[in-house]
Amino acid sequence: MSTVQASIPARTPSADAVSRWSRVRADRNFIAVWFMLPAAAFLLLFLAYPLGLGVWMSFTDARIGRTGVYIGLENYEWLWDDAIFWLSVFNTLLYTIVASAIKFAIGLYLALLLNRNMPFKAFIRSIVLIPFIVPTVLSAIAFWWIYDSQFSIISWSLTRLGLISHNIDFLGDPNWARASVIIANIWRGVPFVAITLLAGLQTVSPSLYEAATLDGATSWQRFRHITYPLLTPIIAVVMTFSVLFTFTDFQLIWALTRGGPVNATHLMATLSYQRGIISGRLGEGAAIATAMIPFLLAAIAISWFGMQRRKWQQGGNND
């Protein structure tokens with residue numbers, strides 16, 4: 001028996017290590033991690049690092065040309081008493097809430113309309129996408145001409161119809177300016193909402209509508225009990241992105257109004273750029289940008305917890 005045992009080769013530690021390494025390499029989770037590493041490195045380099053640097057800079061008195069020293073919460077204390085900053089917060093919330101709500105309503109209507117059988121449907125879908133694919137600056141320049149105080153096509157048309165007696169100063173009056181930039185953002189953002197919701201509608205089985213129709217359900221009942229519940233996860237995702245894009249909008253506002261008149265259209269993003277880059281006060285600009293983070297996290301949290309409450313996604317009942 002001792003002879004048989006002696007004939008069996010003993011496994012060396014190196015052989016065990018090679019065997020374990022082979023099992024690890026065959027593990028899908030291990031392969032997935034390696035595939036994710038380039039994307040993770042990209043996010044760390046171009047997202048996490050600038051974000052961390054901006055937060056740190058908000059606690060300093062950095063200016064263009066010098067690094068600055070740590071001053072604690074002094075920038076935030078100064079912003080707390082800054083009326084222009086709070087006006088930009090109000091403008092940002094108004095801009096985001098109104099524009100996002102209207103974009104969702106129009107986008108959902110367009111998605112339902114484009115989901116029907118209609119002639120030239122593919123062509124109409126491509127036309128709907130045009131406002132979204134046009135560069136933002138070009139869209140802003142087009143609206144700048146539309147809103148021009150002297151040559152506005154809107155003022156010209158209303159004057160010819162006898163509805164107004166003089167041209168409207170769309171970008172010179174604070175209230176008109178707020179409404180004008182919101183309309184421009186709606187025009188640009190509706191295609192994103194409409195096409196995304198349309199993609200979600202394509203996944204709903206027509207047999208569900210056929211069964212509901214046979215049971216005598218009206219069009220509103222079919223939307224309320226079939227379309228809306230099945231579309232809720234897509235709505236949550238698309239509205240989260242819509243709110244984030246609108247809240248952080250910079251190009252459209254800066255190209256149209258530069259935050260004017262009298263700071264009436266200054267958003268937190270544009271005010272941060274003006275204070276940090278144009279005025280050279282990097283610490284103050286970083287503090288304004290950092291103050292946007294809680295609002296963005298709140299929007300993401302609302303969407304996340306809203307989706308978690310939909311127990312039907314796990315096969316249960318709604319709360």
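The values are calculated or read from the model by the stated rules, or taken from the named source; none is laboratory data. Please read all numbers here as calculations on a predicted model, not as lab measurements. Cβ coordinates were reconstructed from backbone atoms using ideal geometry, including for glycine residues, and neighbour counts include every protein chain displayed.
Tell me, yes or no, whether segment 169-190 has at least one residue that is in contact with a helix residue (DSSP H, G or I) (Cβ under 8 Å, 6 or more places away or on another chain), more than 30 Å from Asn91 (Cα to Cα) and in the same structural domain as Thr92 (by TED's automatic domain parsing). For segment 169-190, residues in contact with a helix residue (DSSP H, G or I) (Cβ under 8 Å, 6 or more places away or on another chain), more than 30 Å from Asn91 (Cα to Cα) and in the same structural domain as Thr92 (by TED's automatic domain parsing): absent. Of the residues Val55, Val33, the single one that is part of a helix (DSSP H, G or I), surrounded by 10 or more Cβ atoms within 10 Å (Cβ to Cβ) and touching a residue at least 40 places away in the same chain (Cβ under 8 Å) is Val55. The set of residues in segment 109-160 that are of a type in the set (Gly, Ala, Ser) and over 23 Å from Leu231 (Cβ atoms) comprises Ser139, Ala140, Ala142, Ser149, Ser152, Ser155, Ser157. Only one entry of Phe170, Phe192 meets the criterion of being out of contact with any Cys (no Cβ under 6 Å at 6 or more places or on another chain), at pLDDT 90 or above, assigned to a helix (DSSP H, G or I) and among the aromatic types (Phe, Trp, Tyr), and that entry is Phe192. Note on segment 87-165: enclosed helices (runs of 4 or more DSSP H) holding 2 or more residues that are surrounded by 14 or more Cβ atoms within 10 Å (Cβ to Cβ) and modelled with pLDDT of 90 or more are 136-146, 153-160.
Restricting the first member to segment 191-206 and to residues that are within 15 Å of Thr240 (Cα to Cα) and in contact (Cβ under 8 Å) with a residue 40 or more places away in the chain, and the second to residues that are assigned to a helix (DSSP H, G or I) and charged (D, E, K, R), the beta-carbon pairs closer than 7 Å and six or more apart or on different chains are Val193/Lys103. Within segment 71-86, the set of residues being assigned to a loop (DSSP other than H, G, I, E, B) and farther than 22 Å from Ala264 by Cβ comprises Ile71, Gly72, Leu73.
Within this structure, Phe85 fails the test of being without any contact (Cβ under 8 Å) to a residue 40 or more places away in the chain, among the aromatic types (Phe, Trp, Tyr) and out of contact with any Phe, Trp or Tyr (no Cβ under 8 Å at 6 or more places or on another chain). Of the listed requirements (1) buried (at least 21 other Cβ atoms within 10 Å of the Cβ); (2) more than 15 Å from the chain's Cα centre (by Cα); (3) not aromatic (Phe, Trp, Tyr), Ala194 misses just one: (2). Looking across Ala299, Ala255, one residue alone is over 19 Å from Asp81 (Cα atoms) and at pLDDT below 90. It is Ala299. For segment 111-156, the candidate set comprises residues that are among the hydroxyl-bearing types (Ser, Thr, Tyr) and touching a residue at least 60 places away in the same chain (Cβ under 8 Å); within that set, the residue that is farthest from Ile195 (Cα to Cα) is Tyr147.
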